[in-house]
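> Got a structure here, written out as structure tokens. Questions coming.
Readers should treat all values here as calculations from the given coordinates under stated rules, not as data from a laboratory. What you are looking at is a predicted structure, and each value in this text was computed from that prediction instead of being measured. Glycine gets a Cβ as well: all are built from the backbone with ideal geometry, and neighbour counts include every protein chain shown.
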Amino acid sequence: MGRFVARRLLQMIPVFFGTTALIFFMVHALPGDPVAAMWGDKAPDPVQVAALKHQMGFDKPLIQQYLDYMGKLLTGDFGTGLDQRPVIDKITEALPVTIRLALFAFAIEIVLGVAIGLFAGLRRGKAFDKGALVVTLLLISIPVPVLGFIFQTVFGQNLKWVTPTVQNSEDITQLVLPAVVLGSLSLAYVARLTRTSIAENIKADYVRTAVAKGLPRRKVIGTHLLRNSMIPVVTFLGTDLGALMGGAIVTEGIFNVTGVGNALFKAINMKEGATVSGFVAFLVLVYLAAGLIVDLLYAVLDPRIRYA
Amino acid sequence: MPDLTEKKTTAEIPEQRTATAAAKPEKPRSLGSDAWHDLRRKPIFVISALLILLLIVIAIAPGLFTSVDPRAGDLRNHYLTKPNYSHLFQPDWFGYDLQGRSIYARVVYGARASVVVGICVTLGVTILGGIAGMVAGYFGGWVDTIISRVTDIFFGIPLLLGALVILNAFTSRTVWSVVFALVALGWTQMTRVMRGSVITVKQADFVTAAKALGAGTGRIMFKHILPNAIAPVIVVATIALGGYIATEATLSFLGIGLQDPTISWGIDINSAQKVIRTAPFALFFPAGMLSLTVLAFIMLGDAVRDALDPKLR
């Protein structure tokens, strides 16, 4: 296990450098001069441009700039916004809210998604299965902004079950609606993956053996069938936790949750390139870390997987 | 990974089929024509295909469906003009938006951006990713190592976030900048699928036979491997198409995708959100069309997958 973790961590290093380099070059190598843009429509003063470029390090070669950027990233410096506040401060301020929201959505999608997928897979072709397929297809097809507004109007404004927007993110009941919207797309995928996996594995020899040796149904399903069927689901969930943090940008905007996504959304609208790339770099790191955790979980779920 | 089983089964199908078909007197069908035979009998496929056909017609010739200019605003008909549901296909069918523009006309003209983005991105990622995957899978060795590592790097970036960074750099964004951003980030998905598929097919006897007969690399790749390895790529591409349309709308909704002279459902959803209480219809119609479009492509993808790979249901 230790060797596997070490191997996996080593493999992550080139991916980490590659991904951050990609983001860096996307931000810096594409057209548009951020310094000249500070003058807006006026003609920029060449002396001041040169001074600012020197101050910000834009006059150095691109590779040197990238290395400086990486050095800063590794020490937790994600850049400075136009308001001269370090981006990391903005991230740490917004992060707890987003983590709460993402974990809540994650819990909803796992519990509901696996439960729906399990029942649908066990009763393949029955009414529940067909209903689950239709509902998940709808959830996959309706884009998140649309779903957000539908839920907000129906449950927030018409039925008044919850507040339409989040006033206090500490209050878990207010987070229910955004969490459901945020998790809905992945919930549909989890349900479908679980269903396919269960329906496939239920015909497996080990399930027949477990039934034949007289294990109670609960145990056959819980210990044998479900555990073996979870591997594709866990693969999906791994990339998903990171994606939820990023995907929160739409949901947080609609429900006025003051999290990372909302801050990122504001930064885009204010055209604060440095803040945007700082946030994205951070979220990509979260995404990579989530992928790593999932790979480690594989070994727990399926002891045959050792990779050594 | 579910991918592995997928490739194995699709690669086995042609062999099994030719074996059984040879026993029968009727003409043996290829995997493609067999899938087509199955598909025509599926109501889901027929419905979604007709919907998509209609959408493509709307995208090519929006003028056939409405005579008004979707950009012409008349402030006398602003939001408070409610939709007139009895006026089928008239400018006031779905009501008017804040600028007094016909929502019906905007919904009709908005199809073009979605369809163009969806189809162009899918073609782009399939061609780019397909070639990269083919090269990686066929040649193996260091070529494969390099391409696979590059794929890993791109997989570390979530689509929406990456597109945000790329599009942030464009000062004026058209359909083509959105297509560029999504292709640049999405091609690696197809590379993975194609690579796995080619590796399985490469080991088949008919490839060895073709090599023994002296066929060149190009001939083996395009005549022998490609037709047998393309099925999983087509499946993933069809399902992804709906996703790309939804991503475009989400980006436009966030204000980082398409920009105003272009008509997009995402932009209209964004501008309608401010008046969601007084004029919910302004949000409902573009949102409904968008969902219907994505639904049609995802249903088509599901049907194609079932037809090309009956085991993966």
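> Let me check I've understood the local charge: for B:Ser264, count other residues with C-beta under 12 angstrom from its C-beta, Lys and Arg +1, Asp and Glu -1. What total comes out? It would help to have the intermediate numbers written out before the result.
Working: positive: B:Arg106, B:Arg112, B:Arg173; negative: B:Glu248, B:Asp260, B:Asp268.
Around B:Ser264, the surrounding residues sum to 0.
> Using only the alpha carbons, work out the radius of gyration and Dmax of chain A in angstrom.
In order Rg, Dmax, the Cα atoms of chain A give 23.7, 85 Å.
> If you filter region B:204-305 for trypsin sites (Lys or Arg not before Pro), then keep DSSP loop positions with at most 16 other Cβ within 10 Å, what is left?
Details: sites: B:Lys211, B:Arg219, B:Lys223, B:Lys274, B:Arg277, B:Arg305; in loops: B:Arg277.
Hits after loop and neighbour filter: B:Arg277.
> Per DSSP H run of n ≥ 4, the term is -39500 (n - 2.57); total these for chain A, divide by its residue number, and report the mean residue ellipticity at 222 nm rounded to 500 deg cm²/dmol. Could you put the intermediate results ahead of the total?
Numbers: 12 runs with 221 residues, N = 308.
Mean residue ellipticity, 222 nm, calculated: -24500 deg cm²/dmol.
> Multiply the residue separation of A:Gln157 and A:Asn256 by 0.36 nm, subtract the distance between their alpha-carbon atoms, and state the gained length in nm to one decimal.
Working: separation 99, 0.36 × 99 = 35.64 nm, distance 1.51 nm.
Taking 0.36 nm per residue and subtracting the Cα distance, the gain is 34.1 nm.
> For region B:194-240, what D do you get in µm² per second when you plug the Kirkwood radius from alpha-carbon pairs into Stokes-Einstein at 20 °C and 1.002 mPa s? Numbers along the way, then the final one.
Numbers: Rh = 11.1 Å.
In µm²/s, the coefficient rounds to 193.
> Here's something else I'd like to know. Can you give the Rg and Dmax of region A:125-263 based on its C-alpha atoms, in angstrom?
Both quantities, over Cα of region A:125-263: 18.8, 57 Å.
> Ignoring the sites themselves, what is the longest stretch of chain A with no chymotrypsin sites (Phe, Trp or Tyr not before Pro) in a DSSP loop and at most 14 other beta-carbon atoms within 10 Å? Before the final figure, lay out each step's value.
Working: sites that count: A:Trp39, A:Trp161, A:Tyr307.
Answer - A:162-306.
> Cα extents of the protein assembly as shown along the three principal axes, largest first, in whole Å?
77, 66, 59
> Can you check how the C-alpha radius of gyration of region B:93-208 compares to 2.2 N^0.38 Å, as a plain ratio?
Working: Rg = 19.5 Å, N = 116, 2.2 N^0.38 = 13.4 Å.
Rounded to two decimals, the normalised Rg is 1.45.
> What distance in nm separates the simple spin-label points at A:Phe17 and B:Ser33, each placed 7 Å from Cα in the Cβ direction?
About 5.4 nm separates the two model spin labels.
> Take every Cα pair under 8 Å in region B:109-265 that's 6+ residues apart, average their separations, divide by the length, and report that relative contact order as a whole percent.
Numbers: 190 pairs, mean separation 61.2, N = 157.
So the answer I get is 39 percent.
> May I pose another question? So, in nm, how far is label A:Val134 from label B:Ile56 when the simple model puts each one 7 Å beyond its Cα toward the Cβ?
2.9
> Expressed as a whole percent, how much of the Cα-Cα distance distribution for region B:168-307 exceeds 20 Å? Kindly include the intermediate steps, with their values, before the conclusion.
Working: 5981 of 9730 pairs.
I get 61 percent for the Cα pairs in region B:168-307 exceeding 20 Å.
> Using DSSP to define loop residues, name the trypsin sites (Lys or Arg not before Pro) in region A:54-163 whose beta-carbon has at most 10 other beta-carbon atoms within 10 Å. Before the final figure, lay out each step's value.
Working: sites: A:Lys72, A:Lys90, A:Arg100, A:Arg123, A:Arg124, A:Lys126, A:Lys130, A:Lys160; in loops: A:Arg123, A:Arg124, A:Lys126, A:Lys160.
Counting only loop positions with at most 10 other Cβ atoms within 10 Å, the trypsin sites (Lys or Arg not before Pro) in region A:54-163 are A:Lys160.
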